[in-house]
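See below for the structure under consideration.
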Amino acid sequence: LSAIDELVGELARLPGIGRKTALRLAFHLLKQPEDDARRLARSIVDVREKVRPCGRCGNLSEQDPCGICNSNRRDVSLVCVVEEASDIMAIERTGEYRGLYHVLGGRLSPLDGIGPAELNLKPLLERIGQGAVGEVVLATNPSVEGEATALYVGRILSPLGVKVTRIARGLPVGGDLEYADGVTIAEALNGRREL
Ligand SMILES: [Zn+2]
């Protein structure tokens with residue numbers, strides 16, 4: 001395999017990048033100064049070496065516990081449950097949420113072979129067991145799988161004596177939290193209702 005073929009092959013494995021785009025990116029990189037390509041390569045290696053899931057909440061961070069778990073300015077009685085760490089970034093961008101997080105690491109999706117056992121729930125249950133959590137906001141995506149996941153997690157949590165709420169509708173159905181704008185996310189959070 002030539003060096004170009006190899007790069008095109010690697011780029012084409014990224015989500016949302018077909019072979020055509022991969023080719024365009026590869027030739028773009030060849031036209032740019034060599035330093036640009038070196039910087040890109042270095043930042044890819046860096047992110048893989050430095051960023052790890054937070055042992056407490058699953059947020060991706062260079063520190064463990066992450067900056068959010070470690071902050072003394074967050075409301076520890078409030079925990080927002082999200083599918084992926086990237087959802088935390090979307091919610092943090094709103095600047096309105098002051099609680100902590102928990103990352104499930106996915107959503108129930110029988111077709112993709114993702115069942116309850118694949119969801120990262122144990123650390124959340126442990127945290128609730130420690131007694132400081134008063135409310136859990138389920139902020140899984142407004143898709144069929146996201147709703148099913150919220151219902152499932154709500155059922156697991158309801159006997160534990162915590163208030164369980166679900167973010168309000170209003171986010172585009174089937175859309176990803178990740179791509180929603182800050183105002184919409186803030187409204188969905190503020191309009192949350194008890195499950
Ligand atoms: Zn954390």
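Taken together, the values in this text are just the output of simple stated rules run on the coordinates, not laboratory data. Nothing here was measured: the structure is a model prediction, and the numbers come from that model. As a convention, Cβ positions derive from the backbone with ideal geometry for all residues, glycine included, and neighbour counts pool all protein chains shown.
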Choose one of SER71, SER61, GLY105: the residue whose Cα lies farthest towards the positive end of the charge dipole of segment 59-156 (beta-carbon charges +1 Lys, Arg; -1 Asp, Glu; about the Cα centre). SER71
Of ASP112, ASP176, ASP64, the most mobile residue in a GNM of the chain (C-alpha springs, cutoff 10 Å) is ASP112
Here segment 119-124 yields Karplus 3J(HN,Hα) values (6.51, -1.76, 1.60; θ = phi - 60°; whole Hz; Gly and Pro given as x) of 7, 7, 9, 4, x, 5
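For segment 23-83, which GluC sites (Glu not before Pro) are both in a DSSP coil and crowded by at most 13 other Cβ atoms within 10 Å?
Values: sites: GLU34, GLU49, GLU62, GLU83; in loops: GLU62, GLU83.
Sparse-neighbourhood loop GluC sites (Glu not before Pro): GLU62.
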Acute angle (nearest 10 degrees) that the helix 85-94 long axis makes with the longest principal axis of the chain, alpha-carbon atoms: 70 degrees
At the level of C-alpha centres, the distance separating segment 48-110 and segment 122-162, in angstrom, is 14 Å
Of the beta bridges DSSP finds with both residues in the chain, what % are antiparallel, to the nearest 5? 30 percent
Would you mind calculating the relative contact order of the chain from Cα pairs under 8 angstrom and at least 6 residues apart, reporting the percent as a whole number? 16 percent
Using alpha carbons only, how many degrees (0 to 90, rounded to 10) separate the axis of helix 144-157 from the longest principal axis of the chain? 40 degrees
With Cα coordinates, the longest principal axis of the chain makes an angle with the long axis of helix 3-12, in degrees rounded to 10, of 20 degrees
Based solely on C-alpha atoms, express the radius of gyration and the Dmax of segment 75-190 in angstrom. 13.2, 37
Added length on full extension, which subtracts the Cα-Cα distance from 0.36 nm per residue, ARG193 to ASP35: 51.7 nm
About the Cα centre of segment 51-195, what is the dipole size in debye to 20, counting +1 per Lys and Arg Cβ and -1 per Asp and Glu Cβ, all else neutral? 520 debye
For segment 46-57, 3J(HN,Hα) per residue [Karplus equation, 6.51 cos²θ - 1.76 cosθ + 1.60, θ = phi - 60°, Hz, x = Gly/Pro]: 4, 5, 5, 7, 9, 8, 9, x, 5, x, 8, 10
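Across the chain, how large is the tail of the calculated P(r) beyond 22 Å, expressed as a percent of all Cα pairs? Don't skip to the end; give the middle numbers.
Working: 10403 of 18915 pairs.
Result: 55 percent of Cα pairs exceed 22 Å.
Output the relative contact order of segment 1-93, whole-number percent, from Cα pairs under 8 angstrom with separation of 6+ residues. Let's see the in-between values first.
On the way: 52 pairs, mean separation 11.3, N = 93.
Relative contact order of segment 1-93: 12 percent.
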Can you tell me what share of the DSSP beta bridges in segment 62-146 is antiparallel? A percent to the nearest 5 is fine. 10 percent
